[in-house]
1. Roughly speaking, what is the stretch gain from R284 to A307, that is 0.36 nm per residue apart minus the C-alpha to C-alpha distance, in nm to one decimal?
2. How would region 195-395 be classified by its alpha-carbon gyration tensor: rounded, prolate or oblate, with rounded meaning a/c under 1.5 and the a/b versus b/c comparison settling the rest?
3. Place a +1 charge on the Cβ of each Lys and Arg in the chain and a -1 charge on the Cβ of each Asp and Glu, then give the dipole magnitude about the Cα centre in debye, rounded to the nearest 20.
4. Taking a ≥ b ≥ c as the square roots of the eigenvalues of the Cα gyration tensor of region 249-293, is the shape rounded (a/c under 1.5), prolate (a/b larger than b/c) or oblate?
5. Can you tell me the orientation of helix 399-417 relative to the chain, as the angle in degrees between its alpha-carbon axis and the longest Cα principal axis, to the nearest 10?
6. Given (i) 31, 29, 25; (ii) 35, 24, 19; (iii) 39, 22, 20 as candidate values of semi-axes √(5λ) of the Cα gyration tensor in Å, which corresponds to the one derived from the coordinates?
7. How much length would be gained if the chain were fully extended between H87 and A346, taking 0.36 nm per residue of separation minus their Cα-Cα distance, in nm to one decimal?
8. Between E203 and E134, what length comes free when the chain is fully extended (0.36 nm per residue of separation minus the Cα-Cα distance, one decimal in nm)?
Amino acid sequence: MIPRQVAILSFEGPDRYALIGGLATRVTQLARALGASGHDVQLFFVGDPNAAPVEQTDPGVTLRRWSQWISKQHPRNAYDGEPGKIHDWEVSLPAWIVDDLVVPAHARGERVLVICEEWQTANVAIAIDRTARERGVRGALTLMWNANNTYGFEKIHWPTLTRAAAVSAVSKYMKFELAQWGVHALVIPNGIDEALLDGADPEQTKAIREAFAGKPTCVKVGRFDPDKNWLQAIDALAEVRAAGIDARLIVRGGREPYGDVVFARARERQLAVSRLEYEGSDWREFAQRLAAIETPVVHVRAFLEEATLYALYAGADVVLANSGKEPFGLVGLEVMAAGGIVVCGATGEEYAEPFVNAIVCDTSDGRELSTYLQALFGDAKLAEQLRANGAETAARYTWGHVLESLGRKIAYVDAIAK
């Protein structure tokens, strides 16, 4: 059973300042799902330095923006000035968690669930365990540390962490990665908001699809990182176009330096690139600007609201989430829920069935991806089946289902702690 009080600790979160990757989506939606289920949730994250330190948002959810005094000096994003923020969390958060949440819960005869996310919070979890023992309230604490990725694993003192907290992972793939470090983990998958099952906004989807002007269109969204197989996407587009198909690729990445490598590859493969930039987040302006660009590659440098992003997924012929190393693949489920077709890699996306509900690439070879794209563009029936089966798959991964699993895993964690 999940305790009534829950604290989630994550560098990423719902602010644009902290909305960086899949972790932000995970913790935001997990907090909302728990709050909607009647839990009192405190979401600690490295939020916007100019926003309120404490804010009540969704029902049952309180946002707590930590380390704002450091973030004011590092305005780029939550990971800007990361070492100082990690130190601040290790020094200031454990005592707050224990004294303000666990001690009062202990007095009421209740428990508190604390979920720490990613390597930045490993020492925080260790300190929370130590502080709770010093206060004599460790029995009122269910402490979990969750791995979403392998980043920073080499910086964690695993024997100490595994004594302090139960370790969980978002997929069997991540469970295997943790096993390489001698760590046993419980698998608790990510989920999606049940509201996503309604599909993307029809008006936005129609406008974006019309902006494609009938050309087979691929979309790829994510950090510019070699793990995301960006070069495979570029090479596949070049191969598809060489086969006589006037396809194009809509790209929305971050500001990572690897983006230069990606676009250099596009130029090498004779693929012209245009930038789509504008201030604000008006989806109509996005659709209009997209319709005016004819180059094979379009680099979107603008903020897209969630609804616009899902409409882009639904309107495209295919979304390339073809990572070579993907711990879970939350984007793939979001694409399915939006009504789109996704290309996945073959690591953590355990929900993906090749040519049943998704296209799955086993290699990083652009020719493999090109072969599958050409088959998809020429087979309307296959496309229809992939969209329908994808929507059915997404329905099995809502946060409601995940919370049931989480509750059972917590019961086990509490049982072995006695």
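Throughout, read-outs are computed from the coordinates displayed, never taken from laboratory work. All values reported here derive from a predicted model rather than from experimental measurement. All Cβ positions, glycine included, derive from the backbone under ideal geometry; neighbour counts span all protein chains shown.
1. Details: separation 23, 0.36 × 23 = 8.28 nm, distance 1.21 nm.
Contour length minus Cα-Cα distance gives 7.1 nm.
2. Working: a/c = 1.31, a/b = 1.05, b/c = 1.24.
Here region 195-395 falls in the rounded category.
3. On the way: 44 positive and 54 negative charges, 141 e Å.
Value, rounded to 20: 680 debye.
4. On the way: a/c = 3.54, a/b = 1.64, b/c = 2.16.
It is oblate, given that a/c is not under 1.5 and a/b is not larger than b/c.
5. So the inclination is approximately 30 degrees.
6. For semi-axes √(5λ) of the Cα gyration tensor in Å, the calculated option is (iii).
7. Working: separation 259, 0.36 × 259 = 93.24 nm, distance 3.60 nm.
The H87-A346 span can extend by a further 89.6 nm.
8. Working: separation 69, 0.36 × 69 = 24.84 nm, distance 5.74 nm.
Length gained, E203 through E134: 19.1 nm.
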